[in-house]
1. Kindly evaluate residue A:52 against the criterion of being within 16 Å of DNA strand C (Cβ to nearest atom) and in the same structural domain as residue A:11 (by TED's automatic domain parsing).
2. Condition (residue is buried (at least 21 other Cβ atoms within 10 Å of the Cβ) and farther than 30 Å from residue B:123 by Cβ) applied to segment A:7-22: is it met by at least one residue?
3. Return the total of residues in segment B:84-102 being modelled with pLDDT of 95 or more and surrounded by 18 or more Cβ atoms within 10 Å (Cβ to Cβ).
4. Check whether at least one residue in segment B:77-84 is within 14 Å of another protein chain (Cβ to nearest Cβ), small (Gly, Ala, Ser) and closer than 28 Å to residue A:1 by Cβ, and report yes or no.
5. Name the pairs: first residue in segment B:103-120 and facing chain A (nearest Cβ under 7 Å) and modelled with pLDDT of 95 or more, second residue open to solvent by 70 Å² or more (accessible area, probe 1.4 Å) and assigned to a helix (DSSP H, G or I), Cβ to Cβ under 6 Å, at least 6 apart or on different chains?
6. Can you tell me which residues in segment A:1-55 are more than 18 Å from residue A:130 (Cα to Cα), more than 14 Å from chain B (Cβ to nearest Cβ) and more than 12 Å from DNA strand D (Cβ to nearest atom)?
7. Condition check: among the hydroxyl-bearing types (Ser, Thr, Tyr) and in contact with a Leu (Cβ under 9 Å, 6 or more places away or on another chain). Does residue A:122 satisfy that?
8. Considering each residue of segment A:62-83, count those that are within 14 Å of DNA strand C (Cβ to nearest atom) and either among the basic types (Lys, Arg) or at pLDDT below 95 (or both), and give that number.
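The values are calculated or read from the model by the stated rules, or taken from the named source; none is laboratory data. None of the values given here were measured: they were computed from a predicted structure. In this analysis, Cβ positions are derived from the backbone assuming ideal geometry, glycine residues included, and neighbour counts consider all displayed protein chains. Please note that ligands, DNA and RNA were not included when accessible areas were found on the heavy atoms of the full protein model with its side chains. Shrake-Rupley method; radii C 1.70, N 1.55, O 1.52, S 1.80 Å.
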Number of protein chains: 2
Amino acid sequence: MLSKKCKYAIHALVYLAEKYQEGPVHIQEIAEKKHIPKKFLEAILLELRKAKVLGSKKGKGGGYYLDQKPTAINLMDIIRLMDGAIAMLPCVSLNYYEPCEECRNEKACGIREAFIKVRDETLQVLGGSTLDKILKREKSLAIK
Amino acid sequence: MLSKKCKYAIHALVYLAEKYQEGPVHIQEIAEKKHIPKKFLEAILLELRKAKVLGSKKGKGGGYYLDQKPTAINLMDIIRLMDGAIAMLPCVSLNYYEPCEECRNEKACGIREAFIKVRDETLQVLGGSTLDKILKREKSLAIK
DNA sequence: TCATTTATCTACTAAATCAGTAGACTTTAA
DNA sequence: TTAAAGTCTACTGATTTAGTAGATAAATGA
């Protein structure tokens, strides 16, 4: 399961994608529109800024804005930033690999195959889910 | 990520699948062979027994054994039993559904689509990963 | 029947993670 | 120079994870 932090991050980013190139949006506004505790959101946005996903501006008229195009930010990247590994087993993770202590011999482990497949298919879907696609989907659903 | 409990359960079940129809295997043996803390394993096996995945026999010559064919037990079922939902979002879970509080209107949420796809593909792979297949895989890897 | 062997049950516990909150500090624009 | 923003450090309470300890119950076989 994704953490709340991660879900909040996704929602905030979708909101910022909606306002792409309209100048900085302040935390308060995002927090209200997306029903996210403001203080918590602060920490999340700061983290996304440090990861170069967001840019920020201080002082009056300041706020956060997407530092990349909505077509360049996808769920895979966001989840990795917020929650770490996407794979279901550490020994199968591409970005957060760690050996499973239980497995004495990883090469001979019959369990990994399935989880490698799950990982690859998951990355395929999440990697393809960019902010602009989510936004388009949202708009098409709103019409109905 | 799967919990250790879940990984232990999978390893224990693969071990029991190897001994299928050879009579009860006692906890101590599984714990040693699979490097699982015995007391922890006790609780896990008990849970699997209550879920009718395992059967048990008390007293001398007792132990645990698979109560179903190795072709009938798969990773999807084991993970659900041990860790709960497989989906990455509660609002997308088939067996452990819960609305996401952040989403005021689930029908109009543009995020869910991707996670539904991930869920379906994951279930497909995990549901097809039966104990006998894992065992076969393990044996073919051991030869190399 | 009694001792032994095994699973079963109840009840803790320590450590880590999650989901925040509080409050001081810094930068910027007007 | 003051108000409005983001930034930073440091807590906190609740929950989950990964166990452990110890008593109890049932089956077996001598």
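1. Working: within 16 Å of DNA strand C (Cβ to nearest atom): no; in the same structural domain as residue A:11 (by TED's automatic domain parsing): yes.
Here the answer is no, as residue A:52 does not meet what is asked.
2. yes
3. 8
4. Looking only at segment B:77-84, we keep the residues that are within 14 Å of another protein chain (Cβ to nearest Cβ), and these are B:77-80, B:82-84.
Then drop every residue that is not small (Gly, Ala, Ser), which leaves B:84.
Within this subset, residues satisfying the condition of being closer than 28 Å to residue A:1 by Cβ are B:84.
Yes; the residues of segment B:77-84 include at least one that is within 14 Å of another protein chain (Cβ to nearest Cβ), small (Gly, Ala, Ser) and closer than 28 Å to residue A:1 by Cβ.
5. B:110/A:137; B:113/A:137
6. A:22
7. Working: among the hydroxyl-bearing types (Ser, Thr, Tyr): yes; in contact with a Leu (Cβ under 9 Å, 6 or more places away or on another chain): no.
The answer is no for residue A:122.
8. Counting residues in segment A:62-83 that are within 14 Å of DNA strand C (Cβ to nearest atom) and either among the basic types (Lys, Arg) or at pLDDT below 95 (or both) gives 1.
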